[in-house]
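**Q** Before I ask anything, here is the structure I am working with.
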């Protein structure tokens, strides 16, 4: 299990853990406005892994969300910066 990000305003928290099946869970106060865009970003970046992916959005801009997902993916794959 790996995570990236914070629970602060303007950020996003991403959790990736191994799973037998792919599951993407998005939690956001702005779900009605940006839920689909958040899911599209996550799907485009993680479509090649089978894992449980949880994203809690706290008003993150798209580039912040992408950075958090990328960081979590690198940790998940065992890469270190």
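Throughout, read-outs are computed from the coordinates displayed, never taken from laboratory work. What you are looking at is a predicted structure, and each value in this text was computed from that prediction instead of being measured. FYI the Cβ positions are ideal-geometry reconstructions off the backbone, even for glycines, and counts take in every protein chain you see.
**Q** May I ask you to list the residues in segment 32-81 that are closer than 17 Å to residue 10 by Cβ, without any contact (Cβ under 8 Å) to a residue 24 or more places away in the chain and surrounded by 12 or more Cβ atoms within 10 Å (Cβ to Cβ)?
**A** 34, 67
**Q** Here's a follow-up. Looking only at segment 18-33, which residues are in contact with a helix residue (DSSP H, G or I) (Cβ under 9 Å, 6 or more places away or on another chain) and under 18 Å from residue 67 (Cα atoms)?
**A** 24, 26, 28
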